[in-house]
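Data block below; observations after.
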Amino acid sequence: MSEDSKLAQSSKAEHDEAATLSAEEMGDMMGQFTYIMHQKFLAGEDHQHLDYSKIDDDETLDDHWLREANHDAEDKYFAEDEEDGYNDFVEPH
């Protein structure tokens with residue numbers, strides 16, 4: 001049996017073994033993978049996969065957050081007015 005043939009059989013056996021993982025084992029592996037990738041993201045170790053300067057320098061992405069911040073400020077302003085009773089209707093004399 002040639003070396004390539006042995007390698008192909010070994011690879012097939014490993015593939016078959018991986019295909020027989022239980023749903024629980026697969027879920028555990030996915031959880032571990034997700035945890036590792038999350039930690040790499042938080043540590044800034046994913047910069048080789050994503051150019052953050054393109055995101056940071058794209059002002060069009062700021063528009064959404066600016067609208068959101070303005071909306072939150074308006075909500076807070078009107079909520080304070082309601083608490084103080086300023087929105088009560090007063091009839092003119």
In nm, the gap between the two label points placed 7 Å beyond Cα toward Cβ at Leu21 and Leu50 is 2.3 nm
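Using DSSP to call loops (not H, G, I, E or B), can you name the GluC sites (Glu not before Pro) in segment 29-72 whose Cβ has at most 12 other Cβ atoms within 10 angstrom? Please report the intermediate quantities before stating the final value.
On the way: sites: Glu45, Glu59, Glu68; in loops: Glu45, Glu59.
Qualifying residues, ordered by number: Glu45, Glu59.
No value in this document is a laboratory result; all are computed from the given coordinates. Note that this is a predicted model, so its numbers are computed, not measured. Cβ: placed from backbone, ideal geometry, glycine included. Neighbour counts: every protein chain shown.
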